[in-house]
């Protein structure tokens, strides 16, 4: 099967599956982000720029995290792995999905930067003028609002290149380390599949933060130049290398990763309820039974909810210790709130909630709703609320 | 020989699902894989399809490692892996095109299996039995040498079951090897050339040819009696 044939089939499936085109999702996501940046930019030009960078990092972190799901953690991976489709077409189809997601994220972050183009020209000039430059004659170099906006768009463009090309290349390389050998040799599969792309993503974000001085200046310094050109070059090199290797490894990657998942998910560690779950259940009256069910199933089906919750907790705690500015706290809390909304949706769908079974049981709909609310509230309080309160206290 | 399984062992965590299993399947053979729930039948079939990785041992199809034999193996998983947003015709057509099947192969197979009338219906709208039939069609379409069916005949109405049996026999007559797990012993009796019995991850009985014929000659409940005599009712472990 050629790339063109595979893409034709995938397009039919995705067109029917998807509610909104990804670009439209990008536009819609960009509007509230732009409102946030606009709000922060009222404080100062620098605050607006920092808020935009925080928004961009969160948005592209989400895009980076989605890359393995475009490549191999797919619901059809087991079926595709059985069929004689070459690694090249499989990689091309996956790369197209990554590129589309990266483009949508780019559109969202570019729209989020639009308020920066509408700032007062004098304020932008004051904020971006190069105080180290002392010309003998003429104006001090500084940015116009349009150039200020374009600097931000350029950073978004580089991050989009990373999301669409570099991270897919890294993810394919990480997965190729698992190809061949037996399961016994692959006990660290989860670590390899998670840690290598995670480290690459972290490296890119640290680079973006280091390069942020360029956002408020008109000259490319060493750090920002290294970041802009380094990531762009690495993105192209990574995708060329990955495409070169794809015919040999991509079909094996799809098969091996889906097989590993199947084998890993077949084994479940069953642990007793935590003290917190028991305490919450004791407060819920007739909602205790559905709460205990939800809590047990969420812990087993979505262990990542607790890992990411712990990341949010640690991040907010560190930000508190470092007296981080409120915009950063708002961004992290906002990202956590978005994730909590995703978890709330998971709570209402199989395999956590089975509506047909529930409707046959003597448990009221109100009790089921209270159980889910209790789970989300306790998750939010433990992982976000407590460290956020600490960080806000420190910030004030 | 179409398929060879050598000392296959598969572990889920600390639990051993398949324990040093070896078997060979020849072209033209329809083999029935019996065993209690949790015996390792589905795990064996999934590994032979290449969607599970052996902890130890090897699986070859026509002499090549199963990973390199994709396209020669058709697997109807449990539950069937269908693209819910494809129509029946599109789903089977996609698999046919991936396997390089001749134009019209999908339509012919859908017709044989009595699926032509629902060919334009999205897979997500199908009942359990219909999904089983579409999964069977996808497993059989193209030049498949090894057909692996995991409880695929369960949930079929009598017409569909008859069409499935006829189509499977045709595939075997064309040179394919068929290995199917089922608990519907009556359906299997009318179809199988060989009976394999698994228990606790091991093959505990393997009979073919005259041994199967003489077993079936003993009466309609012969396979059930054999099963009961081999497998102690010790409950699920």
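The values are calculated or read from the model by the stated rules, or taken from the named source; none is laboratory data. Not measured: the values here are computed from a predicted model. Note: ideal-geometry Cβ built from the backbone for every residue, glycine included; neighbour counts use all protein chains shown.
Figures for the structure shown
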{"item": "Enumeration of residues in the stretch A:196-226 that are more than 15 Å from the chain's Cα centre (by Cα) and free of Cβ contacts under 8 Å to residues at least 40 places away in the same chain", "result": "A:196, A:206, A:207, A:210, A:213, A:220, A:221, A:222, A:223, A:224, A:225, A:226"}
{"item": "Selection count, the stretch B:70-91, where residues are under 23 Å from residue A:253 (Cα atoms), at the interface with chain A (Cβ under 9 Å from one of its Cβ atoms) and touching a residue at least 40 places away in the same chain (Cβ under 8 Å)", "result": "9"}
{"item": "Matching residues in the stretch B:1-39 - criterion: being farther than 27 Å from residue B:213 by Cβ and crowded, with 23+ Cβ neighbours inside 10 Å", "result": "B:8, B:10, B:17, B:18"}
{"item": "So residue A:174, is it at pLDDT below 90, assigned by TED's automatic domain parsing to the domain that holds residue A:64 and assigned to a helix (DSSP H, G or I)", "result": "yes"}
{"item": "Of all residues making up the stretch B:144-156, the number that are in a loop (DSSP other than H, G, I, E, B) and at pLDDT 90 or above", "result": "4"}
{"item": "Residue that is nearest to residue A:99 (Cα to Cα) [pool: residues in the stretch A:9-25 that are surrounded by fewer than 16 Cβ atoms within 10 Å (Cβ to Cβ) and more than 9 Å from chain B (Cβ to nearest Cβ)]", "result": "A:23"}
{"item": "Residue satisfying all of: in the stretch A:241-256; surrounded by fewer than 21 Cβ atoms within 10 Å (Cβ to Cβ) and touching a helix residue (DSSP H, G or I) at 6+ places or on another chain (Cβ under 8 Å); modelled with the lowest pLDDT among these", "result": "A:252"}
{"item": "Top-ranked residue of the stretch B:48-69 - restricted to ones that are crowded, with 20+ Cβ neighbours inside 10 Å and more than 10 Å from chain A (Cβ to nearest Cβ), ranked as nearest to residue B:6 (Cα to Cα)", "result": "B:59"}
{"item": "Breaking point among (1) crowded, with 19+ Cβ neighbours inside 10 Å; (2) in contact with a strand residue (DSSP E or B) (Cβ under 8 Å, 6 or more places away or on another chain); (3) farther than 21 Å from residue B:15 by Cβ, for residue B:45", "result": "(3)"}
{"item": "Residue match in the stretch B:116-125 (condition: in contact (Cβ under 8 Å) with a residue 12 or more places away in the chain, out of contact with any strand residue (DSSP E or B) (no Cβ under 9 Å at 6 or more places or on another chain) and more than 28 Å from residue B:34 (Cα to Cα))", "result": "yes"}
{"item": "Condition check for residue A:67: buried (at least 23 other Cβ atoms within 10 Å of the Cβ) and either modelled with pLDDT under 90 or in the same structural domain as residue A:256 (by TED's automatic domain parsing) (or both)", "result": "yes"}
{"item": "Options A:287, A:259: the member that is at pLDDT 80 or above and surrounded by 19 or more Cβ atoms within 10 Å (Cβ to Cβ)", "result": "A:287"}
{"item": "Number of the condition not met by residue A:323 [criteria: (1) part of a helix (DSSP H, G or I); (2) surrounded by fewer than 16 Cβ atoms within 10 Å (Cβ to Cβ); (3) in contact (Cβ under 8 Å) with a residue 12 or more places away in the chain]", "result": "(1)"}
{"item": "Odd one out for residue A:369 among (1) surrounded by 16 or more Cβ atoms within 10 Å (Cβ to Cβ); (2) assigned to a helix (DSSP H, G or I)", "result": "(1)"}
{"item": "Condition met for residue B:100 (out of contact with any helix residue (DSSP H, G or I) (no Cβ under 9 Å at 6 or more places or on another chain), facing chain A (nearest Cβ under 8 Å) and modelled with pLDDT under 90)", "result": "yes"}
{"item": "Options A:96, A:161, A:79: the member that is over 17 Å from the mean Cα position of the chain (by Cα) and modelled with pLDDT of 90 or more", "result": "A:96"}
{"item": "Any chance residue A:337 is free of Cβ contacts under 8 Å to residues at least 60 places away in the same chain, in the same structural domain as residue A:323 (by TED's automatic domain parsing) and surrounded by fewer than 15 Cβ atoms within 10 Å (Cβ to Cβ)", "result": "yes"}
{"item": "Helices (runs of 4 or more DSSP H) completely within the stretch A:1-85 that count 3 or more residues being closer than 21 Å to residue B:134 by Cβ and out of contact with any strand residue (DSSP E or B) (no Cβ under 8 Å at 6 or more places or on another chain)", "result": "A:3-17, A:77-82"}
{"item": "Given (1) more than 14 Å from chain A (Cβ to nearest Cβ); (2) out of contact with any strand residue (DSSP E or B) (no Cβ under 8 Å at 6 or more places or on another chain); (3) without any contact (Cβ under 8 Å) to a residue 24 or more places away in the chain, index of the condition residue B:13 fails", "result": "(1)"}
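Here is a yes/no grid of residues against (1) farther than 21 Å from residue A:72 by Cα; (2) touching a strand residue (DSSP E or B) at 6+ places or on another chain (Cβ under 7 Å); (3) away from chain B (no Cβ under 12 Å):
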{"site": "A:222", "(1), (2), (3)": "yes, no, yes"}
{"site": "A:227", "(1), (2), (3)": "yes, no, yes"}
{"site": "A:233", "(1), (2), (3)": "yes, no, yes"}
{"site": "A:242", "(1), (2), (3)": "no, no, yes"}
{"site": "A:249", "(1), (2), (3)": "no, no, no"}
{"site": "A:253", "(1), (2), (3)": "no, no, no"}
{"site": "A:259", "(1), (2), (3)": "no, no, no"}
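Condition check ((1) more than 11 Å from chain A (Cβ to nearest Cβ); (2) more than 12 Å from the chain's Cα centre (by Cα); (3) in contact (Cβ under 8 Å) with a residue 60 or more places away in the chain) across all residues:
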position: B:93; (1), (2), (3): no, yes, no
position: B:105; (1), (2), (3): yes, yes, no
position: B:136; (1), (2), (3): yes, no, yes
position: B:171; (1), (2), (3): yes, yes, no
position: B:181; (1), (2), (3): yes, no, yes
